[in-house]
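This is the structure I have questions about; it appears just below.
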Amino acid sequence: MVFNTGAALLDAIVLAVVSVEEQGTYGYRITQDVRQVLDVSESTLYPVLRRLQKEACLEVYDMEFGGRNRRYYKVTDVGREKLTQYRIEWEEYSGKISKIFTEVEK
């Protein structure tokens, strides 16, 4: 992709991906879901997950899977509020960009 992905957009995408599952989801799955829309590495996403946890947007818990512990991430109420804010701002921002592109085509 030609466009740079800023920290806020990456935060918004991660929160959106994690919010899909009510009980949360694990790191590798988050990476795979985000990679459907962005070319990012695990080394990029795990600091995002830690930052969102530090900001109380995500809670973390471990669950046994296949004899090993798997770390799960779940969106908190604070995270849901932040995601709502991101969605509102994204609609406004992407609408303005789309309008410019549409006007250029005329």
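Taking the Cα atoms only, what angle lies between the long axis of helix 7-19 and the longest principal axis of the chain, rounded to 10 degrees?
The angle comes out near 60 degrees.
Sort the following peptides by mean Cβ neighbour count (other Cβ atoms within 10 Å, averaged over residues), highest first: 20-30, 6-16.
Numbers: 20-30: 15.2, 6-16: 17.4.
In decreasing order of mean packing, 20-30, 6-16 become 6-16, 20-30.
Could I ask something else about it? Take the Cα radius of gyration of the chain and divide it by 2.2 N^0.38 Å, with N its residue count; two decimals is plenty.
Details: Rg = 15.7 Å, N = 106, 2.2 N^0.38 = 12.9 Å.
For the chain, the normalised Cα radius of gyration comes out at 1.22.
I would also like to ask the following. Given only helices, namely DSSP H runs of n ≥ 4 each adding -39500 (n - 2.57), what is the per-residue ellipticity at 222 nm of the chain, to the nearest 500 deg cm²/dmol? Could the numbers behind the result be given before it?
Values: 4 runs with 64 residues, N = 106.
Dividing the helical sum by the residues of the chain leaves -20000 deg cm²/dmol.
Taken together, the values in this text are just the output of simple stated rules run on the coordinates, not laboratory data. On a predicted model such as this, the values are computed, not experimentally measured, just so you know. Every residue, glycine among them, receives a Cβ derived from its backbone with ideal geometry; neighbour counts consider all protein chains shown.
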